[in-house]
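Scroll down for the structure; my scribbles are underneath it.
Every number in this text was worked out from the coordinates using simple rules, so none of it is lab data. Predicted model, so just to flag it, every value in this text is computed and none were measured. Neighbour counts are summed over all protein chains in view; Cβ atoms, including those assigned to glycine, are modelled from backbone coordinates with ideal geometry.
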Ligand code: XMP
C-alpha cells in the first residue's frame, strides 16, 4: 500500500542510486509549488550537490525574488543561486507590445541566462574534491504535463516549452531527472507538506513564466510594473485577509493599456486602469470568475485608487474561460 512516507523514502533512494555518490544536479526554481517540492526532495537526497537557480526576470511580483530566496535558503536549506537579470529582460522587452513576442523574449532570455549560470556552476563544481560533474537537470514535471505533452499539441504545448529547458543546455548533455512525474498536483502538495514546506507555499497560486509581462497589456515599463505590483499586492493581501485565498485558484491585478479620467481630491486626473481577475478552476482548462461580494470589491477598489499612485479606476473581470483565458494576454 502506498503512503507518502514510503514514497519519499523510495524516491530519495532512487535519486541517490541514479545520481551516484558524487553526481551533481542543477535545476531552475521559481518559488512555485512544483519546483520547490522537487528542489526540497533533491536537497534531502543529495544535499548541496543539488544546485538551484532562480532567475529574476524583472517581471516578478513585489519582492518575489527576495521572498523566494529567503524561503528556499533559510527555511528549506536549499543550495540556491539567484541571478538578477532584470536589466537584460526589461531592455529586451522595451518597445515590444505583442503578447506572443513578449513570451518568446522572456522564454529565450531565460534559457540563455540559465544556461550561462549552469555552465559557471559546472566549472566551479569541477574543483570540488567531494563532487563530480553536473550531469543532471531537475525538472518539476507532473503527471498531467507528461500526459499533455504526449496527447495535446494545442497552445499549452508551446506554453510548456518555455519552461522545458531539458536538452536545451547546449554542450552540457544533461540527463533529465523528474521526481514528480507520476504525481498529480494534490499529491505534490501532500508531498510538500510531508517535506516540511509551509502551507502558504504549498497552496500558492500558479504564476506564469512570463510573469507580469502578460498582465501588463502592451509595452512593459518600470512605471507599469510598479503600478501592477502595488495593485496586485493589495488585491492578494485582501483575498488572504478575507480567507478566500484557497477557494480561489488564481488571482491577479492587470494594468490596462488605456487611460481613463477620474476625479481625485478636487482635480481631474487622467490615470491608469487596473483590471482585477480571480477564477475558480480545477484543471485550468475551464474556469469561472469568482463571485466576490460587493463590499470586498469596494474595499479593494478604494485601497488601490488611494494607495497606488497613478491609478484612477478599478474594474473586475467577469469573463469565464472559455471564452476568456485566465491571463489577459
Ligand atoms: P490561460 O491564460 O491560457 O492560462 O487560460 C492557463 C494557465 O496557464 C498559465 N499560463 C502560462 N504559464 N507561461 C506559463 O508558464 C505562459 O506563457 C502562460 N500563459 C498562461 C496561466 O497563469 C494559468 O495558470
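A search for C-beta distances below 7 Å between a residue of the range 310-329 that is touching a residue at least 12 places away in the same chain (Cβ under 8 Å) and closer than 23 Å to residue 98 by Cα and any residue that is within 12 Å of the ligand (Cβ to nearest atom) and in a loop (DSSP other than H, G, I, E, B), counting only pairs 6+ apart in sequence or on different chains, returns 321/286; 322/286; 326/284; 327/208; 327/215; 328/215.
Which one is nearest to the ligand (Cβ to nearest atom), of the residues in the range 194-205 that are assigned to a loop (DSSP other than H, G, I, E, B) and closer than 30 Å to residue 256 by Cα? It comes out as 205. Looking at 208, 179, just one residue is outside any helix (DSSP H, G or I), within 16 Å of the ligand (Cβ to nearest atom) and surrounded by 20 or more Cβ atoms within 10 Å (Cβ to Cβ), and that residue is 208.
Among the candidates 211, 243, 218, 196, the residue that is free of Cβ contacts under 8 Å to residues at least 40 places away in the same chain and at positive phi is uniquely 243. Scanning the range 211-245 for residues that are within 16 Å of the ligand (Cβ to nearest atom) and not in a helix (DSSP H, G or I) yields a total of 5. Across the range 12-32, what is the total count of residues that are buried (at least 18 other Cβ atoms within 10 Å of the Cβ), under 18 Å from residue 183 (Cβ atoms) and in contact with a helix residue (DSSP H, G or I) (Cβ under 7 Å, 6 or more places away or on another chain)? Here the count works out to 3. Somewhere in the range 126-144, is a residue over 23 Å from residue 223 (Cα atoms), under 21 Å from the mean Cα position of the chain (by Cα) and surrounded by fewer than 13 Cβ atoms within 10 Å (Cβ to Cβ)? No, the range 126-144 contains no residue that is over 23 Å from residue 223 (Cα atoms), under 21 Å from the mean Cα position of the chain (by Cα) and surrounded by fewer than 13 Cβ atoms within 10 Å (Cβ to Cβ). For the range 299-325, residues that are assigned to a strand (DSSP E or B) and either under 19 Å from residue 236 (Cα atoms) or away from the ligand (no atom under 16 Å from the Cβ) (or both) total 6.
All conditions but one from (1) surrounded by 14 or more Cβ atoms within 10 Å (Cβ to Cβ); (2) free of Cβ contacts under 8 Å to residues at least 40 places away in the same chain; (3) away from the ligand (no atom under 16 Å from the Cβ) apply to residue 280; the one that does not is (3). Against the list (1) surrounded by fewer than 16 Cβ atoms within 10 Å (Cβ to Cβ); (2) touching a strand residue (DSSP E or B) at 6+ places or on another chain (Cβ under 8 Å), the condition residue 308 fails is (1). When 260, 287 are screened for being under 26 Å from the mean Cα position of the chain (by Cα) and either surrounded by fewer than 15 Cβ atoms within 10 Å (Cβ to Cβ) or within 16 Å of the ligand (Cβ to nearest atom) (or both), only 287 passes.
Selection within the range 182-193: residues that are outside any helix (DSSP H, G or I) and in contact (Cβ under 8 Å) with a residue 40 or more places away in the chain. The member of this set that is surrounded by the fewest Cβ atoms within 10 Å (Cβ to Cβ) is 184.
Residue selection: residue 54 satisfies the criterion of being touching a strand residue (DSSP E or B) at 6+ places or on another chain (Cβ under 8 Å) and crowded, with 17+ Cβ neighbours inside 10 Å.
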